[in-house]
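I have placed the structure first, in the form of structure tokens, so that the comments after it can refer back to it.
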Amino acid sequence: MALLMNAGKVRVRDAAGAALVFTPLNEVPPTALLVYLGKTTEATEVIDSGTAICLAVIDKQQAETFESEASRWLSLRSTGAGLSDLEAGLFTQALALNNWHHSHTHCPGCGSETMIEKAGWVRRCKKDNLELFPRTDPAIIVSILDQNDRILLGSQGIWEENRWSVLAGFVEPGESLEAAVVREMNEESGLDVVEPEYIYSQGWPYPYSLMLGFTARADSSQQLKPDGEEIVRLRWFTKEELLAEAANLLLPGRASISRAMIELWFGQEIISASETAGHGKR
């Protein structure tokens, strides 16, 4: 069976994002880029246990032939929270591999074309025989709390003014995760944070990152200094303030680790303007 993908979107069985739609391999266009994702270990409503699953990347014209009233082409951002853990993970892996293949059609060393090998898990340079493997870029994402248990949220310049999220950044070469937390939070907020503590992670295929969630502490007497480039607004929120303003705040989508981290601090699920407006970002 194949999970068809076009422009980063896959077919979902209904508008609520109930389940992914799989296609028999013999119906997949022969020009599709195929990547083996693995075999199912248990049966579902539509797939038997032990069924091989492949990613099949197709173009827009091919995708149009698979459109139907029973399914829609949806992105991970829009449907991830409605999928089962298994299918959300499958979509995440498929999207990360799709993005990697898209950006590695040519060798980074010599610029020659690469060819696909080992069921889509390797690309080989046609000129110098160099093997290229799928990559994962580590990034830290941090909920900063102050001495009064307030959480620091930031807003990017390209966002709406009422969209807020926790802060994040990439890990630099040779840097520990804890050092990245301290450096990135200082760069984006001007704060010196302490006590970085890992909580959990999430694969984030934009394009192929691994988000590593941390908490950290900061004294709120320090002056907030948004970097002015990525982060343009910063604000401390109490739980009472967040609850009172939730209907007017655009928080990260439910499929993202950033939303989970905010709700972990808050202690329960939050209904924000992201849900009533029907959208959400990291």
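Restricting to region 121-149, count the residues that are at positive phi and touching a helix residue (DSSP H, G or I) at 6+ places or on another chain (Cβ under 8 Å). Show your work before the answer.
Narrowing region 121-149 to residues at positive phi: 129, 149.
If we keep only those that are touching a helix residue (DSSP H, G or I) at 6+ places or on another chain (Cβ under 8 Å) too, we end up with 149.
Selection size over region 121-149: 1.
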Residue list for region 262-275, filter: in contact with a helix residue (DSSP H, G or I) (Cβ under 7 Å, 6 or more places away or on another chain) and assigned to a helix (DSSP H, G or I): PHE266, ALA273
Qualifying positions in region 125-156 - surrounded by 12 or more Cβ atoms within 10 Å (Cβ to Cβ) and in a loop (DSSP other than H, G, I, E, B): LYS126, LYS127, LEU130, PRO134, ARG135, THR136, ASP146, ARG150
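Has region 120-133 got any residue that is under 19 Å from ALA260 (Cβ atoms) and hydrophobic (A, V, I, L, M, F, W, C)? Working first, answer last.
Start the filter on region 120-133 by keeping residues that are under 19 Å from ALA260 (Cβ atoms), which leaves none.
Scanning region 120-133, I find no residue that is under 19 Å from ALA260 (Cβ atoms) and hydrophobic (A, V, I, L, M, F, W, C), so the answer is no.
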Extreme residue, farthest from PRO138 (Cα to Cα), among residues of region 166-195 that are surrounded by fewer than 20 Cβ atoms within 10 Å (Cβ to Cβ) and among the charged types (D, E, K, R): ASP192
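Hey, among the residues in region 26-50 that are farther than 20 Å from PRO205 by Cα and either touching a Cys at 6+ places or on another chain (Cβ under 7 Å) or of a type in the set (S, T, N, Q) (or both), which one's surrounded by the most Cβ atoms within 10 Å (Cβ to Cβ)?
THR40
Among THR44, THR79, which is the only one that is in a loop (DSSP other than H, G, I, E, B) and farther than 21 Å from ALA119 by Cα? Break it down into steps so the answer makes sense when it comes.
Details: THR79 fails: in a loop (DSSP other than H, G, I, E, B).
On inspection, the qualifying residue turns out to be THR44.
To keep it simple, each residue is scored yes or no on (1) touching a residue at least 24 places away in the same chain (Cβ under 8 Å); (2) under 30 Å from ILE116 (Cβ atoms); (3) not small (Gly, Ala, Ser).
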position: ILE144; (1), (2), (3): yes, no, yes
position: GLU195; (1), (2), (3): no, no, yes
position: MET211; (1), (2), (3): yes, yes, yes
position: SER220; (1), (2), (3): yes, no, no
Count of region 216-238 residues which are over 24 Å from TRP159 (Cα atoms) and either part of a strand (DSSP E or B) or among the basic types (Lys, Arg) (or both): 2
Where a residue in region 96-119 is within 20 Å of MET211 (Cβ to Cβ) and its partner, wherever it lies, is surrounded by 15 or more Cβ atoms within 10 Å (Cβ to Cβ) and small (Gly, Ala, Ser), with Cβ under 7 Å and at least six apart: ALA96/GLY203; LEU97/GLY120; ASN98/GLY8
Conditions (1) among the hydroxyl-bearing types (Ser, Thr, Tyr); (2) surrounded by fewer than 16 Cβ atoms within 10 Å (Cβ to Cβ); (3) farther than 26 Å from GLY89 by Cβ; number of the one not met by TYR198: (3)
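Quick note: the coordinates plus some simple rules give every number you see, no bench work behind them. All values derive from a computational prediction rather than experimental measurement. Every residue, glycine as well, gets a Cβ built from its backbone with ideal geometry; the counts of neighbours run over all protein chains shown.
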